[in-house]
Amino acid sequence: MARVTVARLDVANEPSGTVIALAGPLTAPALAPIWSRTKDAARRAKGALIVDLAGAEPVDTSGAALLLALEREHGERITLRGLGEQPTALLARLRAAVPDGPPPKVAPRTVTRTGLGRTLLIRVAFFGETILATLTLPTKLRFLRGGDFFRLTERAGTEAMPLILMMGFLIGMILAFQSAIPMRQFGADIYVAALVSLSLFRELGPLLAAVILAGRTGSAFAAELGTMMVNEEVAALTTMGIDAETMLVIPRMAAAMLVMPALAIGVDVAGIIGMGFVMMILGFPPAAILHQVQMATGPEALLLGLFKAVVFGAAIGLIGCRAGLTAGGGPRAVGEAATSAVVGGIVATILLDGLFAVIFYRLGL
């Protein structure tokens, strides 16, 4: 029989197996010198392994951990001899807390690209959640803050108006110059005013305003909400029972829809002024230019353009908020959300404009 004590290790062949006798205190300081040798003895043991603890006291968590380590080294349950009642209960609690097998290997995190179907599902789900939040808005008015809405309106509309006016004026000048060259060949220079004004009212006014809104406001929405997602502020709002869709998405969509008609009108007015400036340079009196504008356009053209502007604003606001609230973690999340908002807003605007063109053509408008 092999007998191992705290002080020494005696090996002897016995028919009953190997006995490891531990004497003295089974505490962390006392076990440190013999920990490795005891585990080696358990690993080399042939047949049954018996641990004699008659002379071991006291036994703390380190001693119980050593007994569990001996079981793992030996590969099967061991026989404990002379273990007191309190150490037996301690060993049982430790055995229940420690898993039997080795700790599971954690697979390394891999970055995977979201498939097209997954992306489409996320967007449809977000659109559905926004619709539900809008339908239940009367019961959640306490989540809305008027100060935030007016701040968003100012940022999206008032601060963007100088850029809108400058771009509209330049676009009107460019269209007038480019249209006058082919029209002059047929002696129809005067109709440049009708062509430019009709294009601005029906198409270019709301479309150019939507591009500006997507570049300025849509990206700002995505960056702001993306930062809140990265900082877990949205999760904190949800934990407090606040509906994030009602508090964060609906005010931004409403602000974008409210300012878009004003931005479209700004492009229209500035474009007509730029076109009139070019037409006067070409020798046409203001009265003739104004007459052509009145003949080519009417209330229906302006209203159609304003209707498209409202729809474009809703799409840009929704896409900007979706990009922000679906942003991932990490330092690049906010930048990727802003890029997604700008690209998605412009693409959605062009697709909606093409859809409106087909619908209005079929309706004869």
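Round to the nearest 10 and give me the degree value, 0 to 90, for the angle of helix 85-97's Cα axis relative to the longest principal axis of the chain.
Once rounded, one gets 30 degrees.
Can you tell me the 0 to 90 degree angle between the C-alpha axis of helix 61-74 and the longest principal axis of the chain, rounded to 10?
So the helix axis and the longest Cα principal axis differ by about 90 degrees.
What number, in percent, do you get for the relative contact order of the chain if the mean sequence gap of Cα pairs under 8 Å and at least 6 apart is divided by its residue count?
The normalised contact order for the chain reaches 17 percent.
Quick one: divide the alpha-carbon radius of gyration of the stretch 112-202 by 2.2 N^0.38 Å and tell me what you get.
Output field value: 1.88.
Helix-derived [θ] at 222 nm for the chain: sum -39500 (n - 2.57) over DSSP H runs of at least 4, divide by residue count, nearest 500?
The helix-only estimate for the chain comes to -20500 deg cm²/dmol at 222 nm.
Can you work out the accessible area per residue across the chain, with the rest of the protein chains kept in place, probe 1.4 Å, in square angstrom? Working shown, then result.
Values: 19950 Å² over 365 residues.
Heavy-atom SASA per residue in the chain reads 55 Å².
Starting at the first residue of the stretch 257-272, write each ³J(HN,Hα) from the Karplus equation 6.51 cos²θ - 1.76 cosθ + 1.60 with θ = phi - 60°, in whole Hz, x for Gly and Pro.
The phi angles translate into 5, 6, 7, 4, x, 5, 5, 5, 5, x, 5, 4, 5, 5, x, 5 Hz.
Based on the Kirkwood radius over alpha-carbon pairs, what is the Stokes-Einstein translational diffusion coefficient of the stretch 189-333 at 4 °C with 1.567 mPa s viscosity, in µm²/s?
Translational diffusion coefficient: 76 µm²/s.
Collect residues whose amide H, placed 1.01 Å from N in the peptide plane, falls under 5 Å from the amide H of G24; neighbours closer than 5 in sequence don't count.
Long-range HN contacts for G24: A56, E57.
Relative to the longest principal Cα axis of the chain, at what angle does helix 286-296 sit, 0 to 90 degrees, rounded to 10?
So the inclination is approximately 60 degrees.
What net charge do the residues around V124 carry, taking every other residue with its C-beta under 14 Å from that of V124, with Lys and Arg at +1 and Asp and Glu at -1?
+2
Name the residue farthest towards the positive end of the dipole of the stretch 237-346 from the options P261, T297, T339, assuming +1 on Cβ of Lys and Arg, -1 on Cβ of Asp and Glu, about the Cα centre.
The residue sitting farthest along the positive end of the dipole is T339.
Give the span of the chain's Cα atoms along each principal axis, as three whole-Å numbers ordered largest to smallest.
Projected onto its principal axes, the Cα set of the chain covers 121, 46, 37 Å.
Which one of F201, T79, F277 is farthest out on the positive end of the charge dipole of the chain, using unit charges on Cβ (Lys, Arg +1; Asp, Glu -1) and the Cα centre as origin?
Final value for the positive-end residue is T79.
Taking the Cα atoms of the stretch 224-305, what is the range of coordinates along each of the three principal axes, in descending order and whole Å?
Reported extents, whole Å, longest axis first: 67, 25, 10.
Charges at C-beta only: +1 for Lys and Arg, -1 for Asp and Glu. How large is the resulting dipole of the chain about its Cα centre, in Debye rounded to 20?
Approximately 680 debye in magnitude.
Considering the chain as a Gaussian network with a 10 Å cut-off on Cα pairs, which listed residue, A338, A222, A45, attains the greatest mean-square fluctuation?
Between A338, A222, A45, it is A45 that shows the largest mean-square fluctuation.
The values are calculated or read from the model by the stated rules, or taken from the named source; none is laboratory data. This structure is a prediction, so every number in the text was calculated from the model and none was measured. Every residue, glycine as well, gets a Cβ built from its backbone with ideal geometry; the counts of neighbours run over all protein chains shown. Ligands, DNA and RNA are stripped out before the accessible areas are found, and what is left, the full protein with its side chains, is counted by its heavy atoms. Shrake-Rupley method; radii C 1.70, N 1.55, O 1.52, S 1.80 Å.
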